[in-house]
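Chemist: What follows is a single structure, and I will ask about it in a moment.
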Amino acid sequence: MTVDTVLENAKLYLRGRIVEAGLAIDGGRITKIAKTPNLPEGSEKIDVEGRLILPGLIDVHVHLRDQGLSYKEDFYTGTAAAANGGITLVMDMPNNEPTTMSLNSLRERMRIAEGRILVNTAFYSAFPKNVGEIGKIITEGGAVAFKLYMVRRIGGVDPTDREALNEAFRETARFGVSVAIHAEDIKMIEAGVEAMRNLGRNDPEAYLEVHTPEAEVKAIREVARLTEKTKAKVHICHLSSSAGVEAVSEMKSRGLPVTCEVTPHHLLLTSEYAKRLGGLALMDPPLRSEGDVKGLWRALHRGVIDIVASDHAPHTLEEKSGSSIWDVKTGIPGLETTLPLLLTEVYRGRLTLQSLVRLTSERPAMVFGITGRGRISEGGYADLVVVDMKRRFKIDSSSFLSKAKFSPFDGWEVRGKPVKTFVNGRLVMDDGEIVAKPGVGVIIRRMGGLG
């Protein structure tokens, strides 16, 4: 029997160890893993020249923009950037124009994406105005999770309305889906911004003084109360502080159904970068102290952190500058830097390869119920990234495939480069070039009914 593709002369990451072998791909799935002589014939044979093959990354926190925000990013450029970074599945956030917050808006967003995406794409929804629609958004729309911004109202539920939140959380608990949380307390942030504006403060340090670790902790504790009452599964996004990590660790120790993520920028940059680079290094929550960075790494090594995600948030360069920090758009692109930055930490001995794969592929699939992906196995989907562990290069945002041509990591020398990305068995990225047509990626919908 002849299969579609055979990858030979590879080092495969299999169940926590590296094995010299190859694999056969047919119909988008891995049909055999074996030494080269034992592989079937392939219509196409690719010699990966002894390089490492990892499961494609699953990035659970991505803003693909498009629709009314397509000038920042669109489905094609965003998923091209993902493929260039070795990411084979992205989960799209709902703060779009229009906001993804109903069955109709979710279906329309999927319709626009279908046929344009280069990697697999799943979708969040914000809470609808009528929380009774949550079930349909899951079962008929296929949303894989919901997103709640506690720092501002995005969607149909006011984050200060505890009764409405209780009802929404109970509905998600019925269907077994997670609520992803942007954990910053809205009242603390709004009061802080008003006070700074009254003082005439519009500098980066003022932003840091408003978006404090205390605001993160207060929001997490409110989530803990909601979770304890409703039994809803929650996922805390982009943890940024030692105190925030400890609040999540306390939730876990109490047996509450909580998971969490951290970004590469919160692991690798301190608030000094925000002060020096200004808007180019501005994000929510902001960069923290060196002590907080060390706290995040300790939590990662303790196993408190479940996932590393990019929080890819593209903007134009004009939106990242301004005379007032309050007018600057928050967020940075991350799809094309996440894997090289993490591989560099593997090279330096700060992170194991096993931890990298667990945090970026295996756990994301488990937490969000994505089956058949996140690991290399016979019968699983052939979502793969070939990595050149010896390749050194400098991050250069001007060469990004994303529309966002900036990065606080510009000029950083990294070691470890994704050189080929396969999505559903198809070669999509080859040495920085997109070689597949749009539509290779598929829409990932949540299947099933009540949890």
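The values are calculated or read from the model by the stated rules, or taken from the named source; none is laboratory data. Because the structure is a prediction, the values reported are computed rather than measured. Don't worry about glycine lacking a Cβ; one is built from the backbone with ideal geometry, like all the others, and counts go over all protein chains shown.
Chemist: Hey, any hits in segment 70-92 for a residue that's modelled with pLDDT of 95 or more, farther than 30 Å from GLY155 by Cβ and in contact with a Gly (Cβ under 9 Å, 6 or more places away or on another chain)?
Modeler: yes
Chemist: Could you look through segment 107-164, keep only residues that are more than 18 Å from the chain's Cα centre (by Cα) and of a type in the set (Ser, Thr, Tyr), and pick out the one that is surrounded by the fewest Cβ atoms within 10 Å (Cβ to Cβ)?
Modeler: THR160
This table checks each residue for (1) touching a residue at least 40 places away in the same chain (Cβ under 8 Å); (2) under 20 Å from the mean Cα position of the chain (by Cα).
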position: ASP284; (1), (2): yes, yes
position: SER289; (1), (2): no, no
position: LEU296; (1), (2): yes, yes
position: ALA313; (1), (2): yes, yes
position: LEU317; (1), (2): yes, no
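Chemist: What are the pairs, 6+ residues apart or on separate chains, where a residue within segment 116-133 that is on the phi < 0 side of the Ramachandran plot and among the aromatic types (Phe, Trp, Tyr) has its Cβ under 6 Å from a residue that is in a loop (DSSP other than H, G, I, E, B) and at pLDDT 95 or above?
Modeler: PHE123/ALA143; TYR124/MET93; TYR124/PRO94; PHE127/GLY155; PHE127/GLY156; PHE127/VAL157
Chemist: Right, next: Can you tell me which residue in segment 45-103 is surrounded by the fewest Cβ atoms within 10 Å (Cβ to Cβ), limited to those that are under 20 Å from PHE146 (Cβ atoms) and of a type in the set (S, T, N, Q)?
Modeler: THR99
Chemist: Go through (1) more than 20 Å from ARG65 (Cβ to Cβ); (2) in a loop (DSSP other than H, G, I, E, B) and name the single condition ILE138 misses.
Modeler: Looking at each condition in turn, ILE138 falls short on (2).
Chemist: Right, another one. Assess whether THR230 counts as being more than 18 Å from THR330 (Cα to Cα), in contact (Cβ under 8 Å) with a residue 24 or more places away in the chain and polar (S, T, N, Q).
Modeler: yes
Chemist: Kindly indicate whether ARG174 is assigned to a helix (DSSP H, G or I) and either surrounded by fewer than 19 Cβ atoms within 10 Å (Cβ to Cβ) or not assigned by TED's automatic domain parsing to the domain that holds ASP284 (or both).
Modeler: Values: assigned to a helix (DSSP H, G or I): yes; either surrounded by fewer than 19 Cβ atoms within 10 Å (Cβ to Cβ) or not assigned by TED's automatic domain parsing to the domain that holds ASP284 (or both): yes.
Judged against the criteria, ARG174 is a match.
Chemist: Give the residues of segment 250-272 that are surrounded by fewer than 18 Cβ atoms within 10 Å (Cβ to Cβ) and in contact (Cβ under 8 Å) with a residue 40 or more places away in the chain, sorted by residue number.
Modeler: The one that is surrounded by fewer than 18 Cβ atoms within 10 Å (Cβ to Cβ) and in contact (Cβ under 8 Å) with a residue 40 or more places away in the chain: LYS252.
Chemist: Residues of segment 154-179 being free of Cβ contacts under 8 Å to residues at least 60 places away in the same chain and of a type in the set (Ser, Thr, Tyr), which ones?
Modeler: THR160
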